[in-house]
Amino acid sequence: MSQELARTLIKDFRYLEECPHSGNLQDILKLLAENKVKQASEVLWKDNPFPHIALKLCAWEKYFSASTQEDMEKIFESLPAPAPEKHKKTGKKIGIVGSGVCGMAASHYLSEKGYDVTVYEALPKPGGFLQYAVPNFVFPKDMLHAEIEKLEKMGVTFETNKIVGQCTDLQDLQEKYDSLLLAAGESHPNFIKLEGQHLPNVYYAHEYLCRINMLQADKYPKFKTPILSAKNVVVVGGGDMAVYCARMAKSMGSEVTLAYRRSVHEMNARQHEIQNAKNEGVKFLEMTQPVKIEGNGTVNCVKMVQMMLEAEDELGRRAPIPLEDTEYSMPIDQVILAVGQVQNPVLLRNTSLRTGFGNKVMVDDMNRTSCPGIFAAGDLVRPSNDIRTAIASGTKVAEHMSQFLK
């Protein structure tokens, strides 16, 4: 079956021409068409321990059709993972702070190379963004749990409910490990100045998605953590998190409007997810921004203002600015603010790590921080933007750490 699919996709390969990973995909298809399954598997897993996750969450709709993506999933599933190379134990220990995609990728390669790896996670379950933010209808959690189990079988240890900077600090970890990797990502809401955001039934996206995805608040009172019910919900933002929140609120029976200060075409969210949200009945309100949340005891309306885009700057970006005398009230009983995220400030508290713009950790071209033996990668250094970039960041820093320890 894989042989026939591969031959069909090779003929239709024009869909993949602009894909940044088309070289590997083309090689896999050619090898499968010749029934060279083992070689195709080696290409699939080369430099990427989680190809199934990457395919599921990459913006494939930019490069090929939905039917092609489904066929690629079938091909990926038909290729067995190559047996891991056996390396002698080095006797050296590595601590990784953060169990998201970057930390998981780094732990995979470092464990393969014979290091004893312990991963620290602040939340009750490992997996980071994939675990607490991405809904099941976008990314099945079974796929994530299977990858975590594989890592545990390789010898990776996960220490959950451990907030580095609170339960323990970097100085303590430095004494326990031969080297440390900071890969905690951006797990903290980007709090904004908006009057009324303290009212009940106003959530930031991280809290909202974490309550549902990890604590099953949508099944309250069967589970202890609640999400207050709402008939009319407005989600503010233009990224994947905003669309995830909107689709989640819609699945819980609410009427949902997603408000964005630019146009839908300028949203950072994947076009595939935007289309899914539209198909499910989410309304999109373009060129609109909240200026105040009002209510008596709980939310009852949001004051909105219409926006316009200024002329392009030197980078070709058009800044949104409010239009005068365009304020209006929008009746609403729940607000979800999906307006970006930053790294948790607790991690870097009381450390001498050098940071730069946006409080990002400064590293050299080997991912070394200003503290000897401590490396940093992923969103803690620069935004990963997509799943494949996060994986690549983890594998790259693992190579640098191995060179350092040798």
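What follows is calculated from the coordinates using simple rules that are stated; it is not laboratory data. Predicted model, so just to flag it, every value in this text is computed and none were measured. Backbone-built Cβ (ideal geometry, glycine too); neighbour counts: all protein chains shown.
Give the separation of the Cα centroids, region 145-164 to region 212-241, in Å. If you average the Cα positions of each part, the centres end up 27 Å apart. For the peptides 162-173, 356-367, 232-243, 118-129, the ranking by packing is 232-243, 118-129, 162-173, 356-367, with the highest mean count of neighbouring Cβ atoms within 10 Å listed first. In plain terms, the chain from residue 168 to residue 8 could stretch by 52.2 nm, reckoned as 0.36 nm per residue minus the Cα-Cα distance. Taking only Cα atoms, what is the 0 to 90° angle, nearest 10, from helix 101-112's long axis to the longest principal axis of the chain? With rounding to tens, the tilt is 10 degrees.
Taken over region 189-340, lysine pairs spaced eight or more positions apart, or on distinct chains, with alpha carbons under 23 Å apart number 18. Calculated FRET efficiency, residue 142 to residue 66, Cβ-Cβ distance, R0 = 25 Å: about 0.70 to the nearest 0.05.
For the chain, modelled as a GNM whose springs connect Cα atoms under 10 angstrom apart, the maximal fluctuation among 381, 339, 43 occurs at 43.
Under 12 Å from the Cβ of residue 340, count the other residues' Cβ atoms, weight Lys and Arg +1, Asp and Glu -1, and hand me the total. Here the count lands on -3. With the simple spin-label model, which puts each label point 7 Å out from Cα in the Cβ direction, the residue 355 to residue 176 separation comes to 2.3 nm. Listed by Cβ neighbour count within 10 Å, with the fewest neighbours leading, 210, 102, 245 appear as 210, 245, 102. Measure nothing fancy, just the Cα-based angle from helix 2-11's long axis to the longest principal axis of the chain, in degrees from 0 to 90, nearest 10. Helix 2-11 and the main axis of the chain meet at about 60 degrees.
Using R0 = 41 Å, the C-beta based FRET efficiency linking residue 36 and residue 403 works out to 0.80. Placing R0 at 25 angstrom, the Cβ-Cβ distance between residue 324 and residue 278 gives a FRET efficiency of 0.20 after rounding to 0.05.
With an a/c value of 1.5 or above and a/b not larger than b/c for the gyration tensor axes a ≥ b ≥ c computed over the alpha-carbon atoms, the chain is described as oblate. A crude spin-label estimate for the pair residue 224 and residue 271, with each label 7 Å from Cα along the Cβ direction, gives 4.6 nm.
Seen against the Cα atoms of the chain and their longest principal axis, helix 22-33 is set at about 60 degrees. Compared with the direct C-alpha span, the chain from residue 21 to residue 292 gains 93.2 nm at full extension, assuming 0.36 nm per residue.
Counting only DSSP H runs of at least 4 residues, each contributing -39500 (n - 2.57), and dividing by the residue count of the chain, the helix-based mean residue ellipticity at 222 nm comes to -10000 deg cm²/dmol.
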